[in-house]
Amino acid sequence: MNTNLSDAAPRPDNVPADRVIDFNLHQPVPGGKSVHEFWRDMIAKADHAVMWTPHNGGHWLVTEPGLCESILADSDHFSSRVVIVPRDPMGETYSNFIPLSLDPPQHGPYRKVLNDNLGPRQVNAMKDAIRDLTVELIAGFREKGHCDFKEDFAEQLPVRIFMKIVNLPEEDLPRLKYLADQFTRPDGSIAFPDVEKGFRDYIGPVISARRGKEGTDLITRIANAEVNGKPLSDADAQNLSIQALVGGLDTVVNLLSFVFSYLATHDDLRRTLASDPAKIDEAMTEFLRRFPVVSDSREARQDIDLDGVTIRKNDMIMASTIPIAMSEESNPDALDFRFDRKVRRHSVFGRGAHTCPGMHLARLELKVVLTEWFARIPEFRLAKGAHLSFSSGIVATVDPFVLEWDV
Ligand code: HEM
């Protein structure tokens, strides 16, 4: 954890001194821990269910799983107008995009446009394309006996599939991925208004060109969608498309990286799945519990008393999906992968109205990848001398790592 509080916001008078915790979401994960281990330890040590950190503009931090779940779903008291810390300028810039920044009831009609195009039926129609690309990518490195898992695989498969879903050319990928990553793990190389401008300059002409056209891709569907009986304005069509791009370009990549880095370092589990692929479905339920990645916040709509403190109107409060699954109260031995859990408590795809519309796609991709990978590379390991490191952020990730296997 960062111990340099020089960028710290002053403690407001509604924050008691014993609520302060030194937590900075955008700092590297300290002490050689994994992101999940770090959160598990932090919440175990926290003195209260609601803490406050001076970093990233100063915000509340919920450490208790039930409270995280209820805040994510409670749009009456906690707005999703801004979900990202720091609020200025990162969160405010992101609040221009929809549907996440809208609260019910405004949220529903916009969200329907995504539901209608990312539901199980539409996603299942992509299954062959997902399998073909998985097989092609693996064929590209299998005989070499090694790959950079993120660069050669995890950053290829989901984002190239997503580019098919939105029908955008693959050569535009690096530009879009760079912009999308600024909202999850910003690297300071570009100002947030320029990130927004970069997206709008790119997507605006695409939407104009697809207005009135036939087509089943997500952006054509958005460009021609009606909301509340009226065509979407240019701004709304852009805002919806940009949020779908950000959601689609940086989440499955990271889930796959967590899963495969874990498999490479856990021999029994890897060998179980290699010898009995029928267990992949069951394993997936535990992978989704074990590897939540998203840490979003909410903005208080009015003063509210919570856990013995007063949250003031407009205060930011982080209700990350990570403590929901990493608390020992939710899942005993939370860091262990266990097939035999009677209950699995997690909210990897969120809670309430904003629960992820991309979850069917994410699940299908994970299933196809595990199935096809184990059929071709059943035994693999971290490259000799490699060690795993992790980056935190709005979406957590594993830093690049090399896998190797015997050819
Ligand atoms: C492993 C993969 C994924 C994870 C873990 C994930 C997680 C989440 C979570 C936790 C939320 C709720 C955020 C909140 O309430 O503040 C969310 C919302 C969202 N996700 Fe995903 N997501 C994944 C994949 C995707 C994909 C592939 C897409 C695009 C196709 C996508 C698009 C979105 C959008 C547009 C929202 C906002 C929904 C709304 O406001 O109604 N996500 N996601």
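The values are calculated or read from the model by the stated rules, or taken from the named source; none is laboratory data. Predicted, not measured: the structure shown is a model, and the values here were computed from it. Don't worry about glycine lacking a Cβ; one is built from the backbone with ideal geometry, like all the others, and counts go over all protein chains shown. Surface accessibility is based on the protein's heavy atoms, side chains included, excluding ligands, DNA and RNA. Shrake-Rupley method; radii C 1.70, N 1.55, O 1.52, S 1.80 Å.
Of all the listed residues (Ala44, Ala17), the sole one being touching a residue at least 24 places away in the same chain (Cβ under 8 Å) and within 23 Å of Val309 (Cα to Cα) is Ala44. Taking the stated definitions as given, is Leu269 more than 16 Å from the ligand (Cβ to nearest atom), buried (at least 19 other Cβ atoms within 10 Å of the Cβ) and either farther than 21 Å from Lys33 by Cβ or in contact (Cβ under 8 Å) with a residue 24 or more places away in the chain (or both)? Against the criterion (more than 16 Å from the ligand (Cβ to nearest atom), buried (at least 19 other Cβ atoms within 10 Å of the Cβ) and either farther than 21 Å from Lys33 by Cβ or in contact (Cβ under 8 Å) with a residue 24 or more places away in the chain (or both)), Leu269 does not qualify. Considering the stretch 331-353, and only residues there that are within 16 Å of the ligand (Cβ to nearest atom) and assigned to a loop (DSSP other than H, G, I, E, B), the residue that is surrounded by the fewest Cβ atoms within 10 Å (Cβ to Cβ) turns out to be Arg344.
For Ile317, the stated conditions do not hold, so it cannot be described as within 11 Å of the ligand (Cβ to nearest atom), outside any loop (DSSP other than H, G, I, E, B) and either among the hydrophobic types (A, V, I, L, M, F, W, C) or open to solvent by less than 10 Å² (accessible area, probe 1.4 Å) (or both). The helices (runs of 4 or more DSSP H) found entirely in the stretch 108-193 that carry 2 or more residues being more than 13 Å from the ligand (Cβ to nearest atom) and under 17 Å from Leu249 (Cα atoms) are 127-141, 173-181. Just one of the listed residues (Leu249, Leu218) is closer than 30 Å to Glu404 by Cβ and under 24 Å from the mean Cα position of the chain (by Cα), and it is Leu249. Filtering the stretch 272-314 to residues that are within 16 Å of the ligand (Cβ to nearest atom) and under 17 Å from Ser80 (Cβ atoms) leaves Val294, Ser295, Asp296, Ser297, Arg298, Glu299, Ala300, Arg301. Of all the listed residues (Ala180, Ala283, Ala264), the sole one being in contact (Cβ under 8 Å) with a residue 12 or more places away in the chain, more than 27 Å from Leu25 (Cβ to Cβ) and crowded, with 19+ Cβ neighbours inside 10 Å is Ala283. Can you say whether Asp296 is among the acidic types (Asp, Glu), under 15 Å from Ala396 (Cα atoms) and open to solvent by 10 Å² or more (accessible area, probe 1.4 Å), as far as the supplied structure shows? Against the criterion (among the acidic types (Asp, Glu), under 15 Å from Ala396 (Cα atoms) and open to solvent by 10 Å² or more (accessible area, probe 1.4 Å)), Asp296 qualifies.
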